[in-house]
Amino acid sequence: MTDLDQRIVRTLRERAEGTVDTDRLTARAVAGGRARRRRRRVGGGVALGLVAALGFTVVTGTGLPERVRPPDAAAPAVATAAPPRLASVPGAAAAPDLVGTDPQALHFGFDPARARYLGWQVGAGVESARIDVGGGRAVTVELARSVAALRQGGLEGLPQGVADMTVEAAFDGTDRPHRAGVPTPTWVRLWQPAPGLYARGAVTAVTAEEIEVAVGALRLGEARRCVAPVRLTALPGGARLKRCTVDAGAFPAALNMSLMVAGAGEALIHVAFDYARSIATDRTSGNLTIDGRPAYRYPQGGQLELLGIPKAHLIANFGWPYEGFTEADAAVLLGGAKVASDAADPQTWD
């Protein structure tokens with residue numbers, strides 16, 4: 001057990017008599033359960049995605065080829081999550097120097113007819129997305145302005161060997177397997193889609209075919225907003241957004257957004273938005289107000305929640321293990337939060 005693990009366990013024990021927020025646990029459990037099922041499915045410990053729509057041949061765990069069927073045209077449409085478009089921001093092809101510089105923006109997208117978003121992230125100089133291209137496993141695509149950024153950053157969940165494979169000489173577009181003693185390899189493709197731009201694609205599968213589909217669906221001529229379906233319009237003095245992460249793998253049943261805000265020195269505050277349509281009740285009364293809106297100060301301290309958001313929790317965490325920010329700072333963040341009218345409807349996220 002690491003030192004951080006020990007600190008977490010100790011804190012949970014100290015707070016064992018505190019209030020248990022069952023709705024928030026429900027939201028986390030829905031996403032967590034889906035993630036565990038995905039990890040079991042790939043067999044290599046990588047949190048990858050769900051089956052979707054395109055019809056090409058893949059290999060199942062039995063070793064027998066299986067044709068993934070296109071969707072039934074008569075079936076009801078299911079809402080799919082996607083980061084909103086940023087019309088006034090250039091894509092990575094036109095401005096590779098912007099990639100990874102703004103945690104609020106992704107400088108690429110995907111053809112919606114060929115790929116479905118399962119999640120996206122910007123932080124540490126890397127822009128990333130997990131997509132479903134119909135083969136039953138998620139493909140991770142990452143862009144950065146340097147090889148070093150890809151080696152050190154990117155989405156969590158990929159085997160350590162993927163970072164070890166990310167060296168300058170390997171950016172030739174070849175698909176290489178990383179096995180690490182597991183039956184299903186993680187295929188990695190490293191390439192340069194434009195001068196000054198480095199890309200990495202990865203999928204845990206029998207073949208690398210899904211990487212080829214993902215690369216074909218990649219759109220470098222557009223930009224999208226990472227922060228959705230909640231936007232922060234006010235930050236404490238001297239603070240900046242450091243990382244944006246959205247997990248839409250269980251959408252539309254659930255969605256989780258995580259924003260890390262940094263201040264001077266090592267000051268950090270974490271803003272979490274957890275949506276689950278299984279949440280039965282919406283709390284609208286708390287023990288304080290923020291800019292006229294009801295809010296709740298957790299009795300153990302270090303957390304403020306903005307109330308009145310249907311089937312969701314929006315919480316600013318400024319206590320342990322975070323430090324350097326105050327309750328007043330958390331109130332500034334939540335007071336400036338712009339929340340979509342319906343988290344389950346991406347049309348309302350703009």
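Considering every residue within region 305-326, establish whether at least one is touching a Lys or Arg at 6+ places or on another chain (Cβ under 9 Å), surrounded by fewer than 21 Cβ atoms within 10 Å (Cβ to Cβ) and polar (S, T, N, Q).
Looking through region 305-326, none of the residues is touching a Lys or Arg at 6+ places or on another chain (Cβ under 9 Å), surrounded by fewer than 21 Cβ atoms within 10 Å (Cβ to Cβ) and polar (S, T, N, Q).
Would it be correct to say that residue 161 is within 17 Å of residue 100 (Cα to Cα), open to solvent by less than 20 Å² (accessible area, probe 1.4 Å) and either charged (D, E, K, R) or not in a loop (DSSP other than H, G, I, E, B) (or both)?
Answer is no for this residue.
Out of the residues in region 136-154 that are open to solvent by less than 30 Å² (accessible area, probe 1.4 Å) and outside any strand (DSSP E or B), which is nearest to residue 216 (Cα to Cα)?
Restricting to residues being open to solvent by less than 30 Å² (accessible area, probe 1.4 Å) and outside any strand (DSSP E or B), the top hit is 136.
Restricting the search to region 207-244, which residues are of a type outside the set (Asp, Glu) and open to solvent by 40 Å² or more (accessible area, probe 1.4 Å)?
Selection gives 207, 215, 219, 221, 231, 233, 235, 237, 238, 240, 242, 243.
Given the structure, is residue 182 of a type in the set (A, V, I, L, M), over 30 Å from residue 329 (Cβ atoms), in contact (Cβ under 8 Å) with a residue 24 or more places away in the chain and surrounded by fewer than 20 Cβ atoms within 10 Å (Cβ to Cβ)?
Spelling it out, residue 182 is indeed of a type in the set (A, V, I, L, M), over 30 Å from residue 329 (Cβ atoms), in contact (Cβ under 8 Å) with a residue 24 or more places away in the chain and surrounded by fewer than 20 Cβ atoms within 10 Å (Cβ to Cβ).
Cβ contacts < 7 Å: first residue in the same structural domain as residue 330 (by the TED database), restricted to region 295-307; second residue acidic (Asp, Glu) and part of a strand (DSSP E or B), any location; separation 6+ or different chain. Result?
Partner pairs satisfying both residue conditions: 295/305; 296/305.
So, of the residues in region 98-112 that are touching a residue at least 60 places away in the same chain (Cβ under 8 Å) and not in a strand (DSSP E or B), which turns out to be surrounded by the fewest Cβ atoms within 10 Å (Cβ to Cβ)?
Restricting to residues being touching a residue at least 60 places away in the same chain (Cβ under 8 Å) and not in a strand (DSSP E or B), the top hit is 111.
Filter region 232-270 down to residues that are out of contact with any Leu (no Cβ under 8 Å at 6 or more places or on another chain), over 24 Å from residue 115 (Cβ atoms) and not in a loop (DSSP other than H, G, I, E, B), then give me how many there are.
2
Find the residue count for region 118-135, including only residues that are open to solvent by less than 10 Å² (accessible area, probe 1.4 Å), more than 15 Å from residue 80 (Cα to Cα) and not in a strand (DSSP E or B).
1
The values are calculated or read from the model by the stated rules, or taken from the named source; none is laboratory data. Just so we're clear, the structure is a prediction, and the values are computed from it rather than from any experiment. Cβ: placed from backbone, ideal geometry, glycine included. Neighbour counts: every protein chain shown. Remember, those area values only see protein heavy atoms, side chains included, never the ligands or the DNA or RNA. Shrake-Rupley method; radii C 1.70, N 1.55, O 1.52, S 1.80 Å.
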